[in-house]
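Okay, structure first, notes after.
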Amino acid sequence: MRGFAFVSPTSLAEASSILANDEGEARPFAGGTGLMLMMKTGVFSPTRLVSLRETEVAHRSITVTADGGVRIGAVCSLTQIEHDPQVLACAPVIGRTMKTLANVRVRNVARIGGTLAHGDPHMDMPPVLASLRAHVVTSGAAAREVAIEDLYAGYYETVLQPGELITAVVVPGQAGWRSVYLKCTTRSADDWPALGVAVSLRIESGVVADARVVISAACEKLTRVAEAEALLKGASADLANFTKAGEAAAAVVETVEDARGSAAYKSELVKVYVRRALSQASEGTV
Ligand SMILES: Cc1cc2nc3c(=O)[nH]c(=O)nc-3n(C[C@H](O)[C@H](O)[C@H](O)COP(=O)(O)OP(=O)(O)OC[C@H]3O[C@@H](n4cnc5c(N)ncnc54)[C@H](O)[C@@H]3O)c2cc1C
């Protein structure tokens, strides 16, 4: 691995400025759990790492928003989020998902900003946050809000511009919604999944008032399945309609073959797991 300088600016504005002026040579460093692997394998060879961990305390804080949602600073560790009572009250699916994400050592070190910027389609938090209708806030002159499902341009590729940093992720209030995340690993239980499915349902008087269906891991990039959502909206919340939604998702999601299964096998997984996730979301207080 090539040698590099390590700098720790105390403001996000300074970090952005270093990154914008050192395009291609400097990279943001959050927990380093993804980045160091990329550097060790030669995918990235930055000459400078710009740590975000000493930036303003707001980027390491979690606050409740006016609509009952949460604003999570980009430099919050996954462990901090896993145990935060405000996050757990807003969206318990986040706490449940964290328990199956990597291991406690990785969660202690990894930050939510790095987790979302890494762009690996097998990761757990992007589909969960997309199903919760969350968005990221970015830094810089052209600061913007980007819905999680719009953050990914391709395999390990985001829409973030050079020097543009994620400063926070905002999860809206979840009143009336129930959410479930399921993943299917086809080798060992702790391997990367062949499929991730995150769903959120809002059911009123036995009818689906609104729905989110998001697929990860089986495809090149996180995919929100509008066809399945449209089919569910206004339909009764029953197994027949959840089965139809699973079939609709399997028909449109472009699955890819890899060591965890063929594309055809993953399409079958999509069909079954979408149905299962919707059934679970409709049943419990999740
Ligand atoms: C052993 C192991 C097991 C794992 N298992 C799982 C698992 O089961 N499920 C799962 O989802 N993930 C898993 N992961 C992946 C892990 O979740 C990611 O490596 C981690 O979330 C990345 O966060 P980080 O803070 O370490 O990011 P870093 O490694 O610091 O950064 C990742 C990327 O994001 C960029 N970046 C960092 N912060 C920002 C920011 N604020 N704005 C813009 N760009 C930024 C960096 O330049 C880099 O390109 C595993 C990792 C390891 C090492």
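Read-outs throughout are calculated quantities, based only on the coordinates presented, and are distinct from any laboratory measurement. Here the structure is a predicted model, which is why all the values come from computation and not from measurement. Glycine also receives a Cβ, built like all others from the backbone with ideal geometry; neighbour counts cover every protein chain displayed.
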Handout entry: Projected-area mean, the chain, by convex hull of Cα positions, square nanometres
Key = 14.5 nm²
Handout entry: Size of electric dipole in the chain: Cβ of Lys, Arg +1 and of Asp, Glu -1, about Cα centre, debye, nearest 20
Key = 600 debye
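Of all DSSP beta bridges located in the chain, what percent are antiparallel, nearest 5? If you can, show how the numbers build up before the last one.
Values: 39 of 46 bridges.
The antiparallel fraction comes to roughly 85 percent.
Computed over the Cα atoms of the range 5-51, what is the convex hull's projected area averaged over all directions, in nm²? Spell out each step's value before the answer.
Numbers: hull surface 12.0 nm².
Quarter of the Cα hull surface area: 3.0 nm².
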Practice task
Take the alpha carbon atoms of the range 52-110, find their center, do the same for the range 150-172, and report the distance between the two centers in whole angstrom.
Solution key: 17 Å
Handout entry: Amide H contacts of residue 70 (H built 1.01 Å from N, under 5 Å, at least 5 apart or other chain)
Key = 65, 171
Practice task
Tell me the trypsin sites (Lys or Arg not before Pro) within the range 230-286 that lie in a loop according to DSSP and have at most 16 other beta-carbon atoms within 10 Å.
Solution key: 233
Exercise for the section: Could you pull out the longest piece of the chain with no exposed loop GluC sites (Glu not before Pro) in it, calling a site exposed if DSSP puts it outside H, G, I, E, B and it has at most 16 other Cβ atoms within 10 Å? Expected result: 57-219
Handout entry: Span-rule helices in the chain, defined as complete DSSP H runs reaching 24 Å or more along the axis (Cα) with Kyte mean at least -0.5
Key = 263-283
Handout entry: Alpha-carbon Debye profile of the range 1-142, log10 I(q)/I(0) at 0.09, 0.15 Å⁻¹
Key = -0.28, -0.78
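Filter the chymotrypsin sites (Phe, Trp or Tyr not before Pro) in the range 132-168 to those in DSSP coil with at most 12 other Cβ atoms within 10 Å of their Cβ, and list the result. Kindly include the intermediate steps, with their values, before the conclusion.
Details: sites: 152, 155, 156; in loops: 155, 156.
For chymotrypsin sites (Phe, Trp or Tyr not before Pro) across the range 132-168 that sit outside H, G, I, E and B with at most 12 neighbouring Cβ atoms in 10 Å, the list reads 155.
Report the extension gain between residue 66 and residue 51 in nm, rounded to one decimal, defined as 0.36 nm multiplied by the number of residues separating them, less their alpha carbon distance.
Values: separation 15, 0.36 × 15 = 5.40 nm, distance 3.09 nm.
Stretched out fully, the residue 66 to residue 51 stretch lengthens by 2.3 nm.
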Exercise for the section: Compare 205, 179, 51 in a GNM of the chain, Cα atoms joined below 10 Å, and give the one with the largest fluctuation. Expected result: 205
Handout entry: Three-way shape label, the range 145-229, alpha-carbon gyration tensor, a/c 1.5
Key = oblate
